[in-house]
Amino acid sequence: MQDILVVLVFLAVLFGGVYWYAGYSIRSGFAKDENQNFIPDAWEDKFNWFFSSKVLIMFFLGIAIGYTIAKVIG
Ligand SMILES: [Ca+2]
């Protein structure tokens, strides 16, 4: 169970980092975002689903982490 928790936390940090980096690269101006949806245009073709489901992904990761922590403690 601890292994799963480590993987889930790693994924949450990784995804969070990617979302943060996307916003950061746009704000700092080294990624183009001409349609102003806060997704770097270079990523948009391949990773649009990853950004459009951001809330769902983080929501389910949060639930999975909470569930796994409860299992580890209990
Ligand atoms: Ca864009």
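Any idea what the relative contact order of the chain is, in percent, if you count C-alpha pairs under 8 Å spaced at least 6 apart? All intermediate terms of the calculation are to be shown ahead of the outcome.
On the way: 42 pairs, mean separation 30.0, N = 74.
The value is 41 percent.
The aspartates and glutamates within cross-link reach of K71, meaning a Cα-to-Cα straight distance under 17 Å and a gap of 8 or more places when in the same chain, are D3. Taking Cα atoms only, the orientation of helix 41-52 departs from the longest principal axis of the chain by about 40 degrees.
Between the Cα long axis of helix 54-73 and the first principal axis of the chain there is an angle of about 20°, rounded to the nearest 10. FRET efficiency for the pair V7 and E34, taken as 1/(1 + (r/R0)^6) with r the Cβ-Cβ distance and R0 = 35 Å, rounds to 0.45.
When the alpha carbon coordinates of the chain are projected onto the principal axes, the ranges are 49, 19, 16 Å, largest first.
Taking a straight line from the alpha carbon of K54, these lysines sit under 21 Å away, with near neighbours fewer than eight places off in the same chain left out: K32, K46. With the charge dipole of the stretch 1-50 set up from +1 on Lys and Arg Cβ and -1 on Asp and Glu Cβ about the Cα centre, the Cα lying farthest toward the positive end among the listed residues V18, F30, Q2 is that of Q2.
Every read-out reported here was derived from the displayed coordinates using simple, explicitly stated rules and does not represent laboratory data. From a predicted model like this one, the values you see are computed outputs, not experimental measurements. Neighbour counts run over all protein chains shown; Cβ positions are idealised from the backbone, glycine included.
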